[in-house]
1. What whole-number distance in Å separates the alpha-carbon centres of the stretch 111-142 and the stretch 22-92?
2. Using each residue's phi in the stretch 152-162, evaluate 6.51 cos²θ - 1.76 cosθ + 1.60 at θ = phi - 60° and report the 3J(HN,Hα) Karplus result to the nearest Hz, with x for Gly and Pro.
3. Once phi is turned into θ = phi - 60°, what whole-Hz ³J(HN,Hα) does the Karplus curve with 6.51, -1.76 and 1.60 give for every residue of the stretch 170-177, x standing for Gly and Pro?
4. Nearest 0.05, what FRET efficiency do S78 and E33 give at R0 = 45 Å with Cβ-Cβ as r?
5. Full-extension gain between A195 and L220, please, as 0.36 nm times their residue separation minus the C-alpha to C-alpha distance.
6. With label points built 7 Å along Cα→Cβ from the Cα atoms of A175 and V42, find their separation and express it in nm.
Amino acid sequence: MWTGQDTLGAALGGETALPRNFLLRSLPQHELERLHPFLHRVTLTPRRVLQHAAVPIEHVYFLENGLISVLASADERSCVEVRLLGREAAVGSEALLGVNISPLRYFVQIGGSALRISVQDLNRASAEMPGLRAVLHSSLHDALMQSSQSAACSLSHALLQRLARWLLTAQDRSARDELPITQDLLARNLGVRRASVSEALQPLERGGIFVRERGLITILDRARLEQFACRCYRLMRPKLERPERAKTGRWPLFLLSLITLLEIEFLAQ
């Protein structure tokens, strides 16, 4: 039997309320109750690194709200975003595959909160909880698909399409219409010049699709914004509503491990 510090559960109010993270929400109730004492709510501060590259992964964060950029190094001075994470995801879950150090950096774009658990406790829990294990493996598969589609999108589609996709994805994962994002951050995330982002934003702004203030973009017409986005958005759109509890079937762990490790090795090159 795995054990931990019950005092962590007190940080959540002492009761097993339904969490805001969709991975945890999809767990069978009895597994969520067992996991609850090991979860500790933490604040995600904007413009801070949640998990550094090349640093041992000690905790997994189940995101409740906010927005996280996953960044891969393009060269010694710059990084490119490979995916966005919100309340449908967990940061650091690759540690369950034995990846103790990742070349990826997790940057808080929009502040919020997360439920944190140590890698050691989560490993012990997943060994005994088939529902938790299935949810985490499915999450790793989703991350791989999103990263792969993001790479294809960057190579194939115009900046305006990619920008519309990014705004829609950010809105989905943060569950908010007002995005505190600057043009500088957008440019760095998309791997382009700031002037290019400014030019691409103009037709969207003139069309009343969103309004811009200093460091803030407010989406007004989501339906029209979707018309500008490439089909990658629909392929990458997260399944945030999970009406059924997780099934206890097991993913082929060895295959997921191999694919994920190959992805990380590719991004590190």
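Derivation of every value follows stated rules applied to the coordinates shown; laboratory data play no part. Keep in mind the model is a prediction, meaning the values are calculated, not measured. FYI the Cβ positions are ideal-geometry reconstructions off the backbone, even for glycines, and counts take in every protein chain you see.
1. 11 Å
2. Using θ = phi - 60°, the values come out as 5, 5, 4, 8, 10, 10, 5, 4, 4, 5, 5 Hz.
3. In residue order, the calculated couplings are 4, 5, 4, 7, 9, 6, 8, 8 Hz.
4. The value I calculate is 0.50.
5. So the chain would gain 6.7 nm between A195 and L220.
6. Distance between label points: 2.1 nm.
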